[in-house]
Amino acid sequence: MASQDKDKNSDILKWASKDGEFKRQVSSFRDAIEEGGKFAPEKGRYHLYVSLACPWAHRALIVRKLKGLEDFIGVSVVHPHMLTKGWSFDKDFPNATGDTLGLGAEHVRDIYFQVEPNYDARFTVPIIYDTKEKTIVSNESSEIIRFLNTGFNSVLPPSASSAALDLYPKELQSEIDELNAWVYDTVNNGVYKSGFATTQAAYEKAVVPLFESLDKLEKILDGKDYLIGGRLTEADVRLYTTMIRFDPVYHGHFKCNLGLIRHDYPNINLWMKKLYWKNDAFKSTTDFAHIKEHYYYSHAQINPTRVVPLGPKENIEAL
C-alpha cells in the first residue's frame, strides 16, 4: 500500500497545544449523500467505518439504525486500541470486525491515504466511504447524521416508519441548532478539553463550564423524555453518546469528577436510561467493553499503566 510506510501523525495522541488546551481538528471531507447530488442514495454503495468506543462514530451508528439503513450501508468496526498509527483493523477483540469492505487496509489511516496520498491530519472516525467513486464522502459526524436523516428517504420503502422519522424537523431546527452549539462546546467537546488538558488552568477552564451545562441540561430535562419538542431529535442523539460514557470513563479517566450522572443528575440519568432500555438503536450500538478498553488503554499519557477498570458495577442501571 502506497501509504503504509508513512509515519505521519506519529504523535497522534499528543493533542494539547502549548497553552495546555485541547484543540479539536476540523474535518476534511464534507460532502453529503443526497438525491440529485454527486453522491446519490443507492443501496450497498456506501460503507461506514466506526469505532464503538468513539462518541462521534456512535452518533452515526444510532442514526443508521433509527433510519432503517442497516441493509443500505455496511459497517466496519475498528479495534478499540488507538495507538501510534491510530485506529487499526485488528480483530482480536469482541465485535471488532476488521475491514469488511476489503480495501486491504490495516489501519484507518490507510483508507485516508488511498483517497488522498498527501493527507496530513488526524485519521478520525466515522467515515462514510463511497465504493463507486472510491473516495470518502464525509468524516464529519454532525453532517453525516444530517444526511443519513434525509438522504435515503427516497429509496426507503414508503411504508417504513423510518422513512417518516425526521430527527431535524424544520419547525425545531433553530432550537436544535442553539442547543447543539453550547452542548457541543461545553459537554461533547468539554469532556475532552477537560481530559486532555495539560495544565491546571486549562483543565479548570473546561471542567467548570462542563458541569454548568450539565446543571442546565438537568433543568431542561425535568419531567421530559426528550430535550426538544417532546420528540426524539438529533439533539438527543448527540448528547446521549457523551452521557452514556460519562460515568464509566469521563468521570474518572478525564477527571470530570464534580458529579456522577447516576447520583447527581437524576433527570439526565432517567432520560438516558429510557433511550437505552426502550430504543434498540441506542442499546444495540452501545458497547461498554469497547468504550472502557479504548479510553483507558489508548491514552497512555493519562493512564500509563493501561489498567482498565472493571466498574462501574452496572454500566447503566435498569429502569
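Condition first: out of contact with any His (no Cβ under 9 Å at 6 or more places or on another chain) and open to solvent by less than 10 Å² (accessible area, probe 1.4 Å). Now tell me which residues in segment 238-253 satisfy that. Before you say what the answer is, go through the steps one by one.
Of segment 238-253, the ones out of contact with any His (no Cβ under 9 Å at 6 or more places or on another chain) are 238-239, 242-243, 246, 248, 250-252.
Answer for segment 238-253, where residues must be out of contact with any His (no Cβ under 9 Å at 6 or more places or on another chain) and open to solvent by less than 10 Å² (accessible area, probe 1.4 Å): LEU239, THR242, MET243, PHE246, PRO248, TYR250.
Counting only residues that are under 18 Å from the mean Cα position of the chain (by Cα) and open to solvent by less than 10 Å² (accessible area, probe 1.4 Å), which one in segment 109-124 is modelled with the highest pLDDT?
Among them, the one singled out is ARG109.
Do you know which of the residues in segment 156-187 that are open to solvent by less than 60 Å² (accessible area, probe 1.4 Å) and part of a loop (DSSP other than H, G, I, E, B) is nearest to LYS43 (Cα to Cα)?
Among them, the one singled out is LEU156.
In segment 38-56, which residues are assigned to a loop (DSSP other than H, G, I, E, B) and either at positive phi or open to solvent by less than 30 Å² (accessible area, probe 1.4 Å) (or both)?
The answer is ALA40, PRO41, GLY44, ARG45, SER51, LEU52, ALA53, CYS54.
Say whether the condition of being of a type in the set (Val, Ile, Thr), surrounded by fewer than 20 Cβ atoms within 10 Å (Cβ to Cβ) and part of a loop (DSSP other than H, G, I, E, B) is met by at least one residue in segment 57-79.
no
Residues that are within 30 Å of LEU66 (Cα to Cα) and among the aliphatic types (A, V, I, L, M): does segment 293-303 have at least one?
The answer is no, given that none of the residues of segment 293-303 is within 30 Å of LEU66 (Cα to Cα) and among the aliphatic types (A, V, I, L, M).
Give the residues of segment 217-233 that are closer than 29 Å to HIS299 by Cβ and either open to solvent by less than 10 Å² (accessible area, probe 1.4 Å) or free of Cβ contacts under 8 Å to residues at least 12 places away in the same chain (or both), sorted by residue number.
Hit for segment 217-233 is LEU217, nothing else.
Taking only segment 190-213 into account, find how many residues are out of contact with any helix residue (DSSP H, G or I) (no Cβ under 7 Å at 6 or more places or on another chain), hydrophobic (A, V, I, L, M, F, W, C) and either surrounded by 18 or more Cβ atoms within 10 Å (Cβ to Cβ) or over 13 Å from GLY259 (Cα atoms) (or both).
4
Looking only at segment 254-273, count how many residues are among the polar types (S, T, N, Q) and crowded, with 20+ Cβ neighbours inside 10 Å. Break it down into steps so the answer makes sense when it comes.
Applying the first criterion (among the polar types (S, T, N, Q)) to segment 254-273 yields 257, 267, 269.
Okay, now just the ones that are also crowded, with 20+ Cβ neighbours inside 10 Å, so 269.
Count: 1.
Any idea how many residues of segment 274-296 are open to solvent by less than 30 Å² (accessible area, probe 1.4 Å) and closer than 24 Å to ASP215 by Cβ?
3
Could you go through segment 103-122 and let me know if any residue there is under 26 Å from ASP280 (Cα atoms), part of a loop (DSSP other than H, G, I, E, B) and in contact (Cβ under 8 Å) with a residue 12 or more places away in the chain. First the steps, then the outcome.
Applying the first criterion (under 26 Å from ASP280 (Cα atoms)) to segment 103-122 yields none.
No, segment 103-122 has no match at all.
The values are calculated or read from the model by the stated rules, or taken from the named source; none is laboratory data. For clarity, every value in this text was computed on a predicted model and none was experimentally measured. Note: ideal-geometry Cβ built from the backbone for every residue, glycine included; neighbour counts use all protein chains shown. Just so you know, the surface numbers come from the protein's heavy atoms only, side chains and all, with ligands and any DNA or RNA stripped out. Shrake-Rupley method; radii C 1.70, N 1.55, O 1.52, S 1.80 Å.
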